[in-house]
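Can you keep this structure in mind? I'll have questions shortly.
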Amino acid sequence: MSGIVLELPAPVPLIDQEPVWVHSPARIGVGVSFLCPCRKMGLGDHQHRLTVLFLNPLAGAKPLEDDTTLAGNNGGYRWARSGLTFEDLHLSPNVDAASVGCWNGYLHDGQLRLF
């Protein structure tokens, strides 16, 4: 019996996906927004941004409250962040946009990887 070997797409550096820190009027660094890597990973040819809000914002402030008017609110879910730059950013758990036919993966050490 022969096994099937799937080759995953190469990681995509976050810095190549035009990342920006997300700020609110009263808090800085509450999340990150970046171009979805689905196009570079061969998962589709549409282009859009993903916004992920942090459980632990950059400035040490409390995370934003659940607010359906916020881009990236994600039902009030917030991701644990480590790292202070786009090059060393790490999020936990994975970011899952598969429900809209898109990328489901990890951001580890500034690299976007397929789940």
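We did not get these values from a lab; they are worked out from the coordinates using the rules stated. This is a predicted model, so every value here is computed, not measured. Cβ atoms come from the backbone with ideal geometry, glycine included; neighbour counts cover every protein chain shown.
For the chain, build the charge dipole from Cβ charges (+1 Lys, Arg; -1 Asp, Glu) around the Cα centre, then report which of C38, A59, S82 sits farthest towards its positive end.
A59
Sticking with the crude label model, points 7 Å out along Cα→Cβ, report the distance from D88 to I15 in nm, one decimal please.
1.3
Given springs between every Cα pair under 10 Å in a Gaussian network model of the chain, which of A98, A61, A80 has the largest fluctuation?
Among A98, A61, A80, the largest GNM mean-square fluctuation belongs to A98.
Continuing with the same structure: What order, most packed first, do the peptides 14-21, 70-77 have when packing is the mean number of other Cβ atoms within 10 Å of each residue? The partial results should precede the final answer.
On the way: 14-21: 16.2, 70-77: 14.1.
Sorting 14-21, 70-77 by mean packing, highest first, produces 14-21, 70-77.
Given the options L55, L64, L84, state which has the largest fluctuation in a GNM of the chain using a 10 Å cut-off (strictly under) for Cα springs.
L84
Suppose each label sits 7 Å from its Cα in the direction of the beta carbon; what would the R49-D66 distance come out to in nanometres?
For R49 paired with D66, the spin-label model returns 2.5 nm.
Determine the gain in length on full extension of the stretch A98-F115; use 0.36 nm per residue of separation and subtract their C-alpha separation, reporting nm with one decimal. Could the numbers behind the result be given before it?
On the way: separation 17, 0.36 × 17 = 6.12 nm, distance 1.04 nm.
Here the answer is 5.1 nm.
In addition: Suppose every Lys and Arg Cβ carries +1 and every Asp and Glu Cβ carries -1, with no other charges. What dipole size does the chain come out with about its Cα centre, to the nearest 20 debye? Spell out each step's value before the answer.
Numbers: 8 positive and 11 negative charges, 27 e Å.
In total the dipole reaches around 140 debye.
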